[in-house]
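Once you've had a glance at the structure underneath, I'll fire off some questions.
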Amino acid sequence: MPLQILPFLSSSILAIIFDGYVALAGGIYLLHRYRGWGRKSYFHLLLSLGFILYGLGIFSRFWFPSFTSYQFFALIYLALFSWATGFLFMVVGRFKISLAVVFSLIFLASLALYLLYLLGILNSVLGVLTPYLMVALLATGGMILLIRIHHFLPTSLLTGWSMLVASNILEFFNLASVEFLSMISATAKILFLYGAANPMFAMVGVEMSKLLRTGLNVSLITRSHVSLVKCVNTSHLRELSWIKQFTTDNSKAGIKTILVILYDIISPSELKEMRMLEDKSVHVVRVLPEAEKEDVTSEEYSFLDEKDFSIIRDDLASLGLLLSSIVNYSRDKLIPCNIVIYSLSWLIHTHGWRSVYTLLTRKMPDIKNSQVHVYMFFYPEVHEDKTILSTFEKLAEEVIVI
């Protein structure tokens, strides 16, 4: 008996159902990712809410046969408003207050028009379409600003967004068939979702919990030559976000970043997604126990300019040579350098805290007399001996908590 229902489902209805399913499934998927990251990526909560509202708007055509295109657009407006809020919260805090005021005024104006429509005061094409276009332009502006700040935006995200806005406008004016528009809309949502789920893009939104990215402000060159980056109740994604912003800001300031990664805990694929190897001001050093050939065998530093990444063995002698090479490079080339050791805790677990402490104290005089600054990631909860934390906090001149 249930199969008899299928002949009554036209191609247009099936296309609409598929479009609605993509929207709801996308919202649930992003909500799952948000829950996995806890409170560290509110952007994805807003994005998932937008997808779910979009899906409800599509299925409302079946639940309410009298649902008009105006009412459909009223629901779609809420979805886009949620998305636009997510984009703009990530970027407004990095610009002048005047820009924040302009965005806020446009938001308020779109909300005012939307409320006038809901109250029946402005029941016209402009009353429905104008708020939609305003938030669509705001979200587009947010994407452009993301490119300006981070020099990165997944192509699929921008492509999907453009297709989605265009398909909605075509549908509003009945300029194409329902089947065609539903397929275009579903494809656009898949592209948009693929871009939003990109790990690199997720790093941009990970700090919305502290609003307007204030939680990721990091100092580039300070009086502190040795800093302990203490990770408390954090996540791998949050740490990558910190490193990405740190290296981006370093690059803008003419500072070379040497990222020392132990045991590939930042994988090569993650480095590729973060575009670390494309940045000439960033040099990646992989510390591997099974390394057959080392790139650093003396205090000579040509490898820092000739290669995008280097490999050293997992022993403290090799690490000591690396630190000396960077100090010499900075001194001879007159280039400030920031070293990120990811992570100090793994180094301590492998070689013992006393040996690591001895190495750092031996290198401290050279580091302090140079333009080199060291940032060491440390996880207090993985060390049973709590005196280890206090020991390295005393060694560091600055403690950064993320």
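How much length is gained on full extension from residue 64 to residue 331, taking 0.36 nm per residue of separation minus their Cα-Cα distance?
Stretched out fully, the residue 64 to residue 331 stretch lengthens by 88.9 nm.
Give the cross-link partners of residue 394 among the lysines, using a straight C-alpha distance below 22 Å as the criterion and excluding same-chain residues fewer than 8 apart.
230, 363, 368, 386
Would you list, by chain and number, the lysines whose Cα falls below 16 Å from the Cα of residue 280, excluding same-chain residues fewer than 8 positions away?
Candidates past the 8-residue exclusion: 244, 252, 256, 272, 307, 333.
Amide H of residue 339: which non-local residues (sequence gap of 5 or more, or other chain) have their own amide H closer than 5 Å, using H built in the peptide plane?
It is 258, 373, 374, 375, by chain and number.
Between residue 251 and residue 162, 0.36 nm times their residue separation minus their Cα-Cα distance comes to what?
Here the segment from residue 251 to residue 162 would lengthen by 29.0 nm.
Another question about this same structure. Can you give me the relative contact order of segment 218-401 as a percent, contacts being Cα pairs under 8 Å and 6 or more apart?
33
Another question about this same structure. What are the ³J(HN,Hα) values, in whole Hz, obtained from phi via the Karplus relation 6.51 cos²θ - 1.76 cosθ + 1.60 with θ = phi - 60°, for each residue of segment 108-120 in sequence order, with x given for Gly and Pro?
Computed from phi, the couplings for segment 108-120 are 5, 5, 5, 5, 4, 5, 5, 5, 4, 5, 4, 7, x Hz.
Based on the alpha-carbon gyration tensor of segment 218-401 and its eigenvalue square roots a ≥ b ≥ c, which shape applies: rounded if a/c is under 1.5, prolate if not and a/b is larger than b/c, or oblate?
Here segment 218-401 falls in the rounded category.
What trypsin sites (Lys or Arg not before Pro) does segment 270-307 have in DSSP loop regions with at most 10 other beta carbons within 10 Å?
280, 293
So what J values fall out for segment 10-17 if you push phi through Karplus, 6.51 cos²θ - 1.76 cosθ + 1.60 with θ = phi - 60°, rounded to Hz, Gly and Pro as x?
Residue by residue, segment 10-17 yields 6, 5, 5, 5, 4, 5, 5, 4 Hz.
Each reported figure results from applying straightforward, stated rules to the coordinates on display, with no laboratory input. Everything numeric here is computed off the predicted structure, so don't read it as measured data. Counting neighbours? That spans all protein chains shown, and the Cβs are built from the backbone with ideal geometry, glycine included.
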